[in-house]
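Everything on this sheet refers to the single structure shown next.
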Amino acid sequence: MAMMTHLNEASVLYNLKERYAAWMIYTYSGLFCVTVNPYKWLPVYDQEVVTAYRGKKRMEAPPHIFSVSDNAYQFMLTDRENQSVLITGESGAGKTVNTKRVIQYFATIAVAGDKKKEAAAAGKMQGSLEDQIIAANPLLEAYGNAKTVRNDNSSRFGKFIRIHFGTTGKLASADIETYLLEKSRVTFQLPDERGYHIFYQMMTNHKPELIEMTLITTNPYDFPMISQGQITVPSIDDKEELMATDSAIDILGFSAEEKTGIYKLTGAVIHHGNMKFKQKQREEQAEPDGTEVADKIAYLLGLNSADMLKALCYPRVKVGNEFVTKGQTVPQVNNSVSALAKSIYERMFLWMVIRINQMLDTKQPRQFFIGVLDIAGFEIFDFNSMEQLCINFTNEKLQQFFNHHMFVLEQEEYKKEGIEWEFIDFGMDLAACIELIEKPMGIFSILEEECMFPKASDTTFKNKLYDQHLGKNNAFQKPKPAKGKAEAHFSLVHYAGTVDYNICGWLDKNKDPLNDSVVQLYQKSSVKLLALLYVSAGGAEESSGGGGKKGGKKKGGSMQTVSSQFRENLGKLMTNLRSTHPHFVRCLIPNESKTPGLMENFLVIHQLRCNGVLEGIRICRKGFPSRILYGDFKQR
């Protein structure tokens, strides 16, 4: 598309539409490969197609995800430099499928020789690296994917899969890094969404022994915490998926004890939503309302039920040098219960990823890697909270990375041709918004600072933001209220459009405090897995303890807030990407009804804006977008 003589929004949309109608779902636009979800199986991923793209230059074959993959592979071998493929798009646009295709391609063309030798290294799981990565998928999807409004099987976490190659370009090993699992979904779902697949898989009764082992029932409605939205998904057969998850656990080499541990902890998380507490008469103090559910949870977690309830209702807090018990109200206990459920779930997910990486780690020498990034695209919902700010900030950074990369290349071309040209730094276009979020006294740093103050509230946080930025930074605006629109507290001008954010509950989300007394019980649990997950969870690291006395030692691990952990992860990712040669794939969702071949214009234009394709075109138009070889030009 970047080579069209007339480059504008309409011609780009028209071109995509015509190609999509003819089932050409891949199109190049400058450095991007744009792909539109066909909503049906197309025979474009067979072995013959793989062979057809081997060693072809970009312009020698029709656009395809395999072409992007092959170029990355060839560049790696010729330039001896790590590569990355960045795949972004909205929920339901096909990121995960395209990620799988990239891995399929490398696994097919870069197979290591001598299968017999590999088989000898027993103990590790059998099968090719591709099989292993694919085996990891059902497990990660069961615990990390859920139905959202747009997509029945939406990854609620980002992943960066590194595929390592030896010096000659043979496949060596792989590892997976994950970003930001959406924990809030464990305890809350919107009416048209569903929680993580694993809960509903276990309740199908397809493996009755699981129901027995975890003391759950086969009816999700018995558990209000996981049935706030839908409980079935038309396109997913939970029974089949359970078998896939279960065999994935075995193939990945988890021990029988670990497997039992995984199911027991998952069952315990489900039960957490059924614990009830009532207020003691004439006191602001919670007490258990029946102990039946607590007994089940304690049994599954390998704890003593009475100790657990006592720790929830009367946690011990360190004040000065001694411990005192602190009373808890019913809402405080309920918050604490849901925080613990989310924490067990998240730690278990991260532990699985570590175990999968140990599995995928062959001891073969590795020289280069190609990383594939599959991450949530820009989101603008009716109601945007802290999770959206994190996702949108990530995309803002990735877009800046793209602009910078594209323009360094574009302007080097002009330099080579000796064209007189004033250098423009296109990374700066996004700087206002990025600095507003991440610089000292930016949104994240004010949020982290407010978390230190015991008396801080949503209102003090909002006032600080306004005092600091309103009128001083163009990217920070006051939202315009409109009828029927969700309440919002501030607006940010992102490259993809203006987004209104609602800051209710951000301080709690960010501190994410755990009840130390309960965590100490977990550390002594008779279920080995639980004790392992909480080995390093010293009370001081998890939360601020007494509301910020430890504020003095900023970096002493006194308080790892969610936002600071997120910034650290994102920083590592960007450093990783900057050390690679990037390739960009943008996935588009053509319509809301999952109809093959239908393209809704406004929906697609909106995405082209959000994912930077139009941004790229805008940049092209500032330079010399149409380049024609001198001979052709003269003839024309």
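Any residue at all in segment 279-286 that's part of a strand (DSSP E or B) and either over 26 Å from the mean Cα position of the chain (by Cα) or aliphatic (A, V, I, L, M) (or both)?
Yes, segment 279-286 has at least one match.
For segment 574-605, name all the residues that are within 21 Å of residue 25 (Cα to Cα), assigned to a helix (DSSP H, G or I), touching an Asp or Glu at 6+ places or on another chain (Cβ under 9 Å) and touching a residue at least 60 places away in the same chain (Cβ under 8 Å).
The one that is within 21 Å of residue 25 (Cα to Cα), assigned to a helix (DSSP H, G or I), touching an Asp or Glu at 6+ places or on another chain (Cβ under 9 Å) and touching a residue at least 60 places away in the same chain (Cβ under 8 Å): 605.
Restricted to segment 66-92, and to residues that are at pLDDT below 95 and among the β-branched types (Val, Ile, Thr), which residue is surrounded by the fewest Cβ atoms within 10 Å (Cβ to Cβ)?
Among them, the one singled out is 78.
Identify all residues within segment 469-502 that are among the small types (Gly, Ala, Ser) and crowded, with 16+ Cβ neighbours inside 10 Å; write none if there are none.
Those that are among the small types (Gly, Ala, Ser) and crowded, with 16+ Cβ neighbours inside 10 Å: 475, 488, 491, 496.
Within segment 328-372, can you find the residues that are under 28 Å from residue 136 (Cβ atoms) and either without any contact (Cβ under 8 Å) to a residue 40 or more places away in the chain or assigned to a loop (DSSP other than H, G, I, E, B) (or both)?
Result: 354, 358, 361, 362, 363, 364, 365, 366, 367.
If you check 447, 409, 389, 398, which single one turns out to be part of a helix (DSSP H, G or I), farther than 24 Å from residue 99 by Cα and within 19 Å of the chain's Cα centre (by Cα)?
After applying the criteria, what remains is 389.
Of the residues in segment 6-33, how many are β-branched (Val, Ile, Thr) and in contact with a helix residue (DSSP H, G or I) (Cβ under 6 Å, 6 or more places away or on another chain)?
The total comes to 1.
Restricting the search to segment 551-606, which residues are touching a helix residue (DSSP H, G or I) at 6+ places or on another chain (Cβ under 8 Å), farther than 30 Å from residue 453 by Cβ and modelled with pLDDT under 90?
Residue satisfying the conditions is 592 alone.
Inside segment 220-238, can you point out the residues that are in a helix (DSSP H, G or I) and surrounded by 13 or more Cβ atoms within 10 Å (Cβ to Cβ)?
Hits for segment 220-238 are 220, 222, 225, 226, 238.
Could you tell me whether segment 251-266 includes any residue that is outside any helix (DSSP H, G or I), within 30 Å of residue 175 (Cβ to Cβ), without any contact (Cβ under 8 Å) to a residue 24 or more places away in the chain and not acidic (Asp, Glu)?
yes
Hey, does segment 447-457 have a residue that's polar (S, T, N, Q), within 20 Å of residue 615 (Cβ to Cβ) and in contact (Cβ under 8 Å) with a residue 12 or more places away in the chain?
Looking through segment 447-457, none of the residues is polar (S, T, N, Q), within 20 Å of residue 615 (Cβ to Cβ) and in contact (Cβ under 8 Å) with a residue 12 or more places away in the chain.
So which residues in segment 245-263 are under 26 Å from the mean Cα position of the chain (by Cα), surrounded by fewer than 16 Cβ atoms within 10 Å (Cβ to Cβ) and at pLDDT 95 or above, if there are any at all?
Selection gives 259 alone.
The values are calculated or read from the model by the stated rules, or taken from the named source; none is laboratory data. Given the structure is predicted, the values throughout are model-derived calculations rather than measurements. We place every Cβ from the backbone using ideal geometry, glycine too, and count neighbours over all the protein chains shown.
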